[in-house]
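K.L.:
The structure follows.
The values are calculated or read from the model by the stated rules, or taken from the named source; none is laboratory data. Note that the structure is a prediction, hence the values are computed from the model and not measured. Neighbour counts are summed over all protein chains in view; Cβ atoms, including those assigned to glycine, are modelled from backbone coordinates with ideal geometry.
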Amino acid sequence: MNVSAKNIYKRYTGKYIINDFSFNFFSGKNYGLQGPNGSGKSTLVQILSGYLSPSKGELTFTDSNGNKIDRDQIYRSIAIAAPYSEMDVELTPSEIFDHVKLFKNYTIKNTKELLSIIKLEGNDHKAIKNFSSGMTQRLALGLALLSDAKLVLLDEPTSFLDADSKSLFTELVKQYCIDKTLIIASNDPYDFQETAEVITINKTT
């Protein structure tokens, strides 16, 4: 999926958090968004996902053939993993996966296969509230990266992950994001190992 952001502004309580952001994200490439705290990285990710509307500016989504995708339908082609996209901790991975599959397609067949790939075998029916923060993060990343969504947005993806889980994250990106547009917002250089380009967002004054 191609994403064109043109002169994007986002204003909160009289102050612009994002000030005149323009960039073209092309299908099949991995991008990084970096910048100091308060520079609007997370806000920009939410705008690119269609969750938030910009105060000003134009956001256009097109498929690999150049056909425009209506904003009301964009959710079908987007997967996101971020601290603010919380999961219901009372549910199990099996219940969450069954729910997510109503909106996203997966080539993997079932929860057991999903959990095997993200190294969480045997936790199919364990409530998320009993997961560690790292386990919860791995599940969120697996649900996003293993979907067939053409635009994947990740915000601080390796937060709460130990060294082995970070390595797993890198392998998932290599294997499952070959033909996707991946945008990662982070200040951790590790997260950008597989990115083709890193965009720096400056904090507004």
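Quick grid of which residues meet (1) farther than 18 Å from I118 by Cα; (2) surrounded by fewer than 20 Cβ atoms within 10 Å (Cβ to Cβ):
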position	(1), (2)
L146	no, no
V152	no, no
D162	no, yes
S167	no, yes
T170	no, yes
L182	yes, no
E197	yes, yes
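K.L.:
Residue check, I118 against (1) closer than 26 Å to D63 by Cβ; (2) crowded, with 19+ Cβ neighbours inside 10 Å; (3) in contact with a Leu (Cβ under 7 Å, 6 or more places away or on another chain), all met but one. Which one?
P.N.:
(1)
K.L.:
Can you list residue pairs whose Cβ atoms sit under 7 Å apart, with the first residue in region 56-73 being farther than 23 Å from T43 by Cβ and free of Cβ contacts under 8 Å to residues at least 24 places away in the same chain and the second being in a loop (DSSP other than H, G, I, E, B) and among the basic types (K, R)? Count only pairs 6 or more apart in sequence or on different chains.
P.N.:
none
K.L.:
Restricting to region 73-87, give me the number of residues that are over 18 Å from S186 (Cβ atoms) and surrounded by 12 or more Cβ atoms within 10 Å (Cβ to Cβ). Outline the logic, then answer.
P.N.:
Keep residues of region 73-87 that are over 18 Å from S186 (Cβ atoms), which gives 73-78, 86-87.
So of that shortlist, the ones also surrounded by 12 or more Cβ atoms within 10 Å (Cβ to Cβ) come out as 74-78, 87.
Selection size over region 73-87: 6.
K.L.:
Of the numbered conditions (1) without any contact (Cβ under 8 Å) to a residue 40 or more places away in the chain; (2) of a type in the set (V, I, T); (3) over 27 Å from F192 (Cβ atoms), T43 fails exactly one; give the number of that condition.
P.N.:
Here T43 clears every test but (3).
K.L.:
Could you grab me the full set of residues in region 19-51 that are under 27 Å from Y190 (Cβ atoms) and in contact with a helix residue (DSSP H, G or I) (Cβ under 6 Å, 6 or more places away or on another chain)? Walk me through it before giving the result.
P.N.:
Residues of region 19-51 that are under 27 Å from Y190 (Cβ atoms), as a first pass: 21, 23-49, 51.
Across region 19-51, the qualifying residues are G32, L33, G35.
K.L.:
Let me ask something else about it. Could you tell me whether any residue of region 89-98 is touching a residue at least 40 places away in the same chain (Cβ under 8 Å), surrounded by fewer than 17 Cβ atoms within 10 Å (Cβ to Cβ), in contact with a helix residue (DSSP H, G or I) (Cβ under 6 Å, 6 or more places away or on another chain) and not aromatic (F, W, Y)? It would help to see each step written out before you state the result.
P.N.:
Here is the first cut: in region 89-98, the ones touching a residue at least 40 places away in the same chain (Cβ under 8 Å) are 89, 93, 96-97.
Applying the additional criterion that residues be surrounded by fewer than 17 Cβ atoms within 10 Å (Cβ to Cβ) yields 89.
Still in the list and also in contact with a helix residue (DSSP H, G or I) (Cβ under 6 Å, 6 or more places away or on another chain): 89.
Pick out the ones that are also not aromatic (F, W, Y) and you get 89.
Yes; the residues of region 89-98 include at least one that is touching a residue at least 40 places away in the same chain (Cβ under 8 Å), surrounded by fewer than 17 Cβ atoms within 10 Å (Cβ to Cβ), in contact with a helix residue (DSSP H, G or I) (Cβ under 6 Å, 6 or more places away or on another chain) and not aromatic (F, W, Y).
K.L.:
Follow-up. Would you mind finding the one in Y51, Y12, Y31 that is at pLDDT below 90 and under 18 Å from the mean Cα position of the chain (by Cα)?
P.N.:
On the way: Y12 fails: under 18 Å from the mean Cα position of the chain (by Cα); Y31 fails: at pLDDT below 90.
After applying the criteria, what remains is Y51.
K.L.:
For region 17-51, which positions are exposed (fewer than 14 other Cβ atoms within 10 Å of the Cβ) and either hydrophobic (A, V, I, L, M, F, W, C) or closer than 23 Å to D148 by Cα (or both)? First the steps, then the outcome.
P.N.:
Quick first cut of region 17-51, residues exposed (fewer than 14 other Cβ atoms within 10 Å of the Cβ) only: 20, 22, 24, 36-38.
Within region 17-51, just N24 meets the criteria.
K.L.:
Which residues, taken from region 52-95, are among the aromatic types (F, W, Y) and under 14 Å from K150 (Cα atoms)? Please lay out each step first, then the result.
P.N.:
Just the residues of region 52-95 that are among the aromatic types (F, W, Y), to begin with: 61, 75, 84.
Once the filter is applied, which keeps residues that are among the aromatic types (F, W, Y) and under 14 Å from K150 (Cα atoms), region 52-95 yields F61, Y75.
K.L.:
Also, I was wondering about something else. Hey, could you check region 68-104 for residues that are among the β-branched types (V, I, T) and in contact with a Gly (Cβ under 8 Å, 6 or more places away or on another chain) and say which is nearest to E58 (Cα to Cα)?
P.N.:
I74
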